Amino acid sequence: MPSLPEIKRILYATDLGDNVRPVFKFALSMARNYDAHIIMLHVVEPMSPAIQAVVETYLTDMDAKKVQQDGMKSVLTTMKKRLETACSEELNTHNFSSSRVKEMLVVSGKTSEEILKAAQKHNADVIVMGKSRRVVLGSDVAGSAA
């Protein structure tokens, strides 16, 4: 009889949208059932070329780069705090041990690529993510893993 898969590391990728809590609960339940740890990941996509062009139109090259770098640092810091808050609230609400969540990562890049990089780097046995479809003016909002 074939053995069941061993799941010890779960990568939970979230866009922190409105529907993430049930998916996080599922990841926590898996972690409890398999005695596994969760690595939480949120990806912030960089400014689109169109937005970069607008910024560069009004600023010098040096100023534009600084605005982009400072803006990204600020967004990453804010999203890390939001990730920590969401995690803490869910853990407290459902009496899950905080030790189940091993690490919280907020990175910048293309969502699909960063999820795969994190899965490989952390040797994830499973990737858990929900479907989110946020659209603004006909285009996906940055950070969506859908």
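The values are calculated or read from the model by the stated rules, or taken from the named source; none is laboratory data. Quick caveat, the model's predicted, so the values are computed rather than measured. Cβ: placed from backbone, ideal geometry, glycine included. Neighbour counts: every protein chain shown. All accessible areas refer to the heavy atoms of the entire protein, side chains included, with ligands and DNA or RNA removed. Shrake-Rupley method; radii C 1.70, N 1.55, O 1.52, S 1.80 Å.
General remarks:
- Total residues in the stretch 14-38 satisfying the condition of being within 11 Å of residue 126 (Cβ to Cβ) and open to solvent by less than 10 Å² (accessible area, probe 1.4 Å): the figure is 4.
- Within the stretch 2-21, residues that are under 17 Å from residue 88 (Cα atoms) reach partners that are polar (S, T, N, Q) and in a loop (DSSP other than H, G, I, E, B) with beta carbons closer than 6 Å, at six or more positions or on different chains, in the pairs 15/132; 15/144; 17/132; 20/14.
- Test for residue 40: is it assigned to a helix (DSSP H, G or I), touching a Leu at 6+ places or on another chain (Cβ under 9 Å) and under 29 Å from residue 103 (Cα atoms): no
- The criterion of being assigned to a helix (DSSP H, G or I), without any contact (Cβ under 8 Å) to a residue 60 or more places away in the chain and surrounded by 12 or more Cβ atoms within 10 Å (Cβ to Cβ) does not hold for residue 83.
- Answer residue from the stretch 102-116, given it is in contact with a strand residue (DSSP E or B) (Cβ under 8 Å, 6 or more places away or on another chain) and either among the small types (Gly, Ala, Ser) or free of Cβ contacts under 8 Å to residues at least 40 places away in the same chain (or both) and is surrounded by the most Cβ atoms within 10 Å (Cβ to Cβ) among those: 108
- Against the test of being surrounded by fewer than 18 Cβ atoms within 10 Å (Cβ to Cβ), under 16 Å from residue 25 (Cα atoms) and modelled with pLDDT under 85, the options 88, 99, 48 yield a single qualifying residue, 99.
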